[in-house]
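The values are calculated or read from the model by the stated rules, or taken from the named source; none is laboratory data. From a predicted model like this one, the values you see are computed outputs, not experimental measurements. Cβ coordinates were reconstructed from backbone atoms using ideal geometry, including for glycine residues, and neighbour counts include every protein chain displayed. When the accessible area is computed, the model is the full protein with side chains, heavy atoms only, and any ligands, DNA or RNA have been set aside. Shrake-Rupley method; radii C 1.70, N 1.55, O 1.52, S 1.80 Å.
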Amino acid sequence: MPPLETQSPEWDYNNLIENVMHCEELPMVLHEIFVTIADGNRPSKEQARKFVVPRRGRHYCAVQNCKWHTIGWKREDRGVTHFLKEHLRLLAYPCPDCDQVYKWPHDLTSHQRRHHLNVPQQEFVCEDCGNGFPKSFNLARHKRNVHRSSKKPRAMRGAC
């Protein structure tokens with residue numbers, strides 16, 4: 001496992017503690033997590049799982065000022081990942097060649113290919129306006145949003 005990296009702008013521990021005070025157990029668990037981080041280790045999923053509250057078939061963030069406190073997820077693991085990456089701001093994928101840090105491994109890979117390995121990006125060009133895009137998905141979205149592609153939506157394909 002790579003060494004623990006945290007986001008550089010310091011974030012307010014007190015603010016996070018204040019927003020979990022509604023539950024007696026959470027400030028103590030949060031303190032344990034801070035000690036774990038201070039020791040250079042990654043918090044366990046079990047610790048993070050305590051900040052994901054199950055209610056009526058959904059899972060909600062226990063941090064009160066978070067938008068996911070009311071929206072929630074269908075799957076508990078999404079909440080665990082959210083807590084670790086958004087509230088604790090643990091960023092596990094630093095670029096070894098520069099100061100960039102990414103939340104997801106595919107973002108780091110894209111960055112390395114584009115900026116450090118000089119891999120030429122395959123460009124997908126719009127036949128209507130000539131704009132180029134690095135991924136076919138981006139070109140398809142461009143056509144759909146800008147040129148109002150006449151493609152039928154998936155649900156309608158083959159319906160007739």
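A simple spin-label model places the labels of Ile71 and Asn138 2.4 nm from each other, with each point 7 Å out along Cα-to-Cβ.
What is the sum of charges, Lys and Arg at +1 and Asp and Glu at -1, for the other residues whose Cβ falls under 14 Å from the Cβ of His31?
Values: positive: Lys50; negative: Glu18, Glu24, Glu25, Glu32, Asp39.
Residues close to His31 contribute a combined charge of -4.
A straight Cα-to-Cα reach below 16 Å connects Lys135 with the aspartates and glutamates Asp107, Glu123, Glu127, residues fewer than 8 places away in its own chain not being considered. Applying 1/(1 + (r/R0)^6) with r as the Cβ-Cβ distance of Gln100 and Glu32 and R0 = 35 angstrom yields a FRET efficiency of 0.70. Think of segment 40-114 as having a plus end and a minus end, set by charges on the Cβ of Lys, Arg, Asp and Glu; of Thr109, Pro43, Cys66, Cys66 sits farthest toward the positive end of this dipole.
Remark: accessible surface ordering of Phe133, Phe83 (largest first) is Phe133, Phe83, probe radius 1.4 Å.
How high is the FRET efficiency between Arg56 and Glu25 when r is their beta carbon distance and R₀ equals 30 Å, given to the nearest 0.05?
Numbers: r = 21 Å, r/R0 = 0.70.
My answer for the efficiency is 0.90.
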